[in-house]
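Inspection log for the structure reproduced underneath, given as structure tokens.
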Amino acid sequence: MKAPRLWVFGLAGIWFGVVLVKAEVLSWFRIQEMFRFDAFHMYGVIGSAIAVGAVGRWLLGEGPVRDAATPRHMVGGTIFGLGWGLTGACPGPMYALIGYGVTPYAVVLVSAIVGTWTYGRLRDTRLASHPMIGRSLNLN
Amino acid sequence: MFGVSEGPWPWYVAGPLIGLMVPLMILLKRRFGISTSLQRVCAAAVPKSASLFDYDWRSIGGWNVTFALGVALGGTLAALALPAGDVVAIAAATREALTGLGLSDMRGLAPAQIFSWQALGTWPGFMSMVVGGFLVGFGARVAGGCTSGHAISGIAELRAASVVTVVGFFIGGLTITYLALPALLAGLQ
């Protein structure tokens, strides 16, 4: 199959961005509500997204992916969670917030890029042999 | 549709619309995940600064960047055509808890007392925007993905690693919510 054209991914992004706004998933207030277990909304959004994703995979004949959970997933996840709690936004919502006009999130996005870059730099130092840094775990 | 002007789309509409990204990306021979785009930006801007970024970002990551730009454009289109409410319809209990921590302005998608250009030089603003953003980017690369790549794609793939990563997301988020925010918001001006 020919590689899909770039605009297809642009359209998919627009779809995702609109949903992030209309479900208020990109709101710091919603993330606080989630971490305080005060409403089902965010759990419903993420849970039903996982369910539809899993069924979609099954319908397309994709099986489970077997991989090993490592301490690095726990540590990296916790670092990410500290950031998610502080910013109230994971990377998708950062883009959507900036597009929506909440421009201070440009600072958050630039910091996230600097964090990503810092990881890349550490990987080229002696820390490359460290189990928390070493080989890139990129899923994509 | 879906009560555009009065409150958010319900979870059972929004969640499935997000979940459809997973099979859509399979059909497009890709994998749904957003944080990789941050790495593509590094590869585009400073490719020689680290081996992780030393590749042709256009051919490998052009789609990630286009997708991310689409998400931003989606935010703009929503603001023009289907804006969110002036006040996010969070639970009363959350509103009370945040008021108790010192937040007085609940308008908008994020509190302007923390997330504004003026607040950037304040302790809560600097920690929430600069330090928080850094931790999101760094943590996503240590764990190998974010909310989309691990929580949604990864758990839909029944990956053990993704379940553990999401447990980490909550350890971090709960630590901020219950231990750090009370001290941080005490610095609100």
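Filtered by the rule that a residue be open to solvent by 20 Å² or more (accessible area, probe 1.4 Å) and within 28 Å of B:Ala78 (Cβ to Cβ), segment B:98-115 gives B:Thr99, B:Ser104, B:Asp105, B:Met106, B:Arg107, B:Gly108, B:Ala112, B:Gln113.
For (1) within 7 Å of chain B (Cβ to nearest Cβ); (2) among the basic types (Lys, Arg); (3) under 25 Å from B:Ala50 (Cβ atoms), each residue gets a yes or a no:
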| residue | (1), (2), (3) |
| --- | --- |
| A:Leu26 | yes, no, no |
| A:Ala49 | yes, no, no |
| A:Ala54 | yes, no, no |
| A:Cys90 | yes, no, yes |
| A:Val114 | yes, no, yes |
| A:Arg121 | yes, yes, yes |
| A:Asp124 | yes, no, yes |
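In the condition set (1) more than 28 Å from A:Trp15 (Cα to Cα); (2) touching a helix residue (DSSP H, G or I) at 6+ places or on another chain (Cβ under 6 Å); (3) open to solvent by less than 10 Å² (accessible area, probe 1.4 Å), B:Leu38 is compliant with all but (1). In this structure, B:Ile152 does satisfy being within 20 Å of A:Leu26 (Cα to Cα) and of a type in the set (A, V, I, L, M, F, W, C).
Test B:Ala183 against the criterion of being open to solvent by 10 Å² or more (accessible area, probe 1.4 Å), more than 7 Å from chain A (Cβ to nearest Cβ) and part of a loop (DSSP other than H, G, I, E, B), and give yes or no.
Values: open to solvent by 10 Å² or more (accessible area, probe 1.4 Å): yes; more than 7 Å from chain A (Cβ to nearest Cβ): yes; part of a loop (DSSP other than H, G, I, E, B): no.
For B:Ala183, the condition - open to solvent by 10 Å² or more (accessible area, probe 1.4 Å), more than 7 Å from chain A (Cβ to nearest Cβ) and part of a loop (DSSP other than H, G, I, E, B) - is not met.
Do you know which of the residues in segment A:20-49 that are of a type in the set (Ser, Thr, Tyr) and in a helix (DSSP H, G or I) is most open to solvent (accessible area, probe 1.4 Å)? Applying the filter and picking the extreme gives A:Tyr43.
Restricting attention to segment B:41-72, and to residues there that are open to solvent by 10 Å² or more (accessible area, probe 1.4 Å) and under 18 Å from the mean Cα position of the chain (by Cα), which single residue is nearest to A:Phe80 (Cα to Cα)? For segment B:41-72, the residue satisfying everything is B:Val41. The single residue among A:Arg5, A:Arg72, A:Arg57 that is among the basic types (Lys, Arg), open to solvent by 10 Å² or more (accessible area, probe 1.4 Å) and under 19 Å from B:Val142 (Cα atoms) turns out to be A:Arg72.
The values are calculated or read from the model by the stated rules, or taken from the named source; none is laboratory data. This structure is a prediction, so every number in the text was calculated from the model and none was measured. Quick reminder, even Gly has a Cβ in these numbers, built from the backbone with ideal geometry, and neighbours come from all protein chains shown. All accessible areas refer to the heavy atoms of the entire protein, side chains included, with ligands and DNA or RNA removed. Shrake-Rupley method; radii C 1.70, N 1.55, O 1.52, S 1.80 Å.
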